[in-house]
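The values are calculated or read from the model by the stated rules, or taken from the named source; none is laboratory data. Bear in mind that the values here come from a model prediction, so they are computed numbers and not experimental data. Here the Cβ positions follow ideal geometry from the backbone for every residue, glycine too, while neighbour counts run over all protein chains shown. In case anyone asks, the SASA skips ligands and DNA or RNA and just uses the protein heavy atoms, side chains included. Shrake-Rupley method; radii C 1.70, N 1.55, O 1.52, S 1.80 Å.
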Amino acid sequence: QVQLVESGGGLVQAGGSLRLSCAASGRTFDSYTMGWFRQAPGKEREFVACISWSAFRTYYAESVKGRFTISRDNAKNTVTLQMNSLKPEDTAVYYCAGRQGVRSARVSEYDYWGQGTQVTVSS
């Protein structure tokens, strides 16, 4: 079983930046597709970004393209989400997730989840 732990959340002003990290333990995750999802109060969990095991393929939600960047370091078993030009609508709990197989934007297709980290963007 793979365990995922997110860190790096906090409170920032609109236009600011944050870097979220996800640390994996228990097993290596070189062969897993890794993703980031977020959930705001009163809304369903939504896809943000994912990255393939080779790091050659990335996929972003339209709402974050050009502002967020996902990356991974398989040797260190870490995944990072660099968030720039943050907007109030980015406020949510952000979750790290992993799955066996090709990239996916569906919550139901991911096998492992972290506990989440809060990101709050003020106006």
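Picking from residues in the stretch 98-115 that are open to solvent by 50 Å² or more (accessible area, probe 1.4 Å) and touching an Asp or Glu at 6+ places or on another chain (Cβ under 9 Å), the one that is nearest to residue 74 (Cα to Cα) is 100.
Each row is one residue, and each column tells you yes or no for (1) in contact (Cβ under 8 Å) with a residue 24 or more places away in the chain; (2) β-branched (Val, Ile, Thr); (3) assigned to a loop (DSSP other than H, G, I, E, B).
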{"residue": "70", "(1), (2), (3)": "yes, yes, no"}
{"residue": "81", "(1), (2), (3)": "yes, no, no"}
{"residue": "85", "(1), (2), (3)": "yes, no, yes"}
{"residue": "97", "(1), (2), (3)": "yes, no, no"}
{"residue": "103", "(1), (2), (3)": "yes, no, yes"}
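Residue pairs whose Cβ atoms lie under 9 Å apart, sitting 6 or more positions apart in sequence or on different chains, and linking a residue in the stretch 36-55 that is closer than 12 Å to residue 106 by Cβ to a partner that is among the polar types (S, T, N, Q) and in a strand (DSSP E or B), are 45/39; 46/39; 50/33; 50/58. Would you mind stating whether residue 60 is free of Cβ contacts under 8 Å to residues at least 24 places away in the same chain and among the aromatic types (Phe, Trp, Tyr)? So residue 60 passes the test.
Per-residue answers, yes or no, for (1) under 14 Å from the mean Cα position of the chain (by Cα); (2) open to solvent by 60 Å² or more (accessible area, probe 1.4 Å); (3) not acidic (Asp, Glu):
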| residue | (1), (2), (3) |
| --- | --- |
| 66 | no, yes, yes |
| 70 | yes, no, yes |
| 117 | yes, no, yes |
| 122 | no, no, yes |
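Quick check on residue 85: is it closer than 17 Å to residue 13 by Cβ and of a type outside the set (Val, Ile, Thr)? Yes.
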